[in-house]
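The values are calculated or read from the model by the stated rules, or taken from the named source; none is laboratory data. Please read these numbers as outputs of a predicted model, since none were measured by experiment. Methodologically, a virtual Cβ is constructed for each residue, glycine included, from the backbone with ideal geometry; neighbour enumeration extends over all protein chains shown.
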C-alpha cells in the first residue's frame, strides 16, 4: 500500500504562495543545503505525484519541460485540460482517487502543491505524513499552508531540524497520531 505524503515550503506566517500565486519569496533559498532532506532524496522514493488544478496551472505557466516525466502524475480537477504539458491523468473524484492511490505498491505518493488538496486528503484521513520546510520569511498574506475548513486533527511530530539559512524542517505523521 502506498504512503501518501506532503513535502512543502511555508513562510513563517503560514503561506505557501502570494495571493497572485507567486513563490518568488523562495528565490533567495535556491541551492540551500538540506542534506538528507534535499528534494532529490525525497523524489527518489516517490513514484506518483498528485496535484490540484491550481498547481498544474502554475507548472504550465512556468513554461518548462514537464518535471514529472519519470512519475505517474494525476491532476485533480473538474475542468478538462485541453493540451496537457506532460503525461498525466485527470481525476475529479477525490475518494475514488484515494482508493486508487492506496492500491499502488511501487513507491510513495507526493501531494504536490498548495494546501487545498492536502486538506481534502487530511479530511478523509488519507495524508500519512507531512514535511514542512518553514522558511524565515514573512510574506504578509497569500495562499495559506492549510485553508480554514473547520477540520481538527492531531499530528505526531517525528522530527524537527534546523537547516541551512534559518530553514526549519518539521516532519509530522498523521497515520498514527
Criterion first (modelled with pLDDT under 95 and farther than 27 Å from residue 147 by Cα) does residue 57 satisfy it?
no
Where in the stretch 1-54 are the strands (runs of 3 or more DSSP E), entirely inside, with at least 1 residues that are without any contact (Cβ under 8 Å) to a residue 12 or more places away in the chain?
none
Taking the stretch 3-13 and the residues there that are crowded, with 17+ Cβ neighbours inside 10 Å and farther than 16 Å from residue 51 by Cα, the one that is nearest to the chain's Cα centre (by Cα) would be 10
Of all residues in the stretch 79-100, which are free of Cβ contacts under 8 Å to residues at least 24 places away in the same chain, in contact with a strand residue (DSSP E or B) (Cβ under 8 Å, 6 or more places away or on another chain) and assigned to a helix (DSSP H, G or I)?
100
Among 129, 103, which is the only one that is within 21 Å of residue 3 (Cβ to Cβ), in contact with a strand residue (DSSP E or B) (Cβ under 6 Å, 6 or more places away or on another chain) and at pLDDT 95 or above?
129
Restricting attention to the stretch 121-162, the residues that are assigned to a loop (DSSP other than H, G, I, E, B), surrounded by fewer than 16 Cβ atoms within 10 Å (Cβ to Cβ) and touching a residue at least 24 places away in the same chain (Cβ under 8 Å) number exactly 10
Can you tell me which residues in the stretch 69-117 are out of contact with any helix residue (DSSP H, G or I) (no Cβ under 7 Å at 6 or more places or on another chain) and under 21 Å from residue 41 (Cα atoms)?
69, 70, 71, 72, 73, 104, 105, 106, 107, 108, 110
May I ask you to say which residue of 64, 109, 85 is surrounded by 20 or more Cβ atoms within 10 Å (Cβ to Cβ) and at negative phi?
109
Over the stretch 101-120, the set of residues in a loop (DSSP other than H, G, I, E, B) and within 19 Å of residue 78 (Cα to Cα) is 113, 114
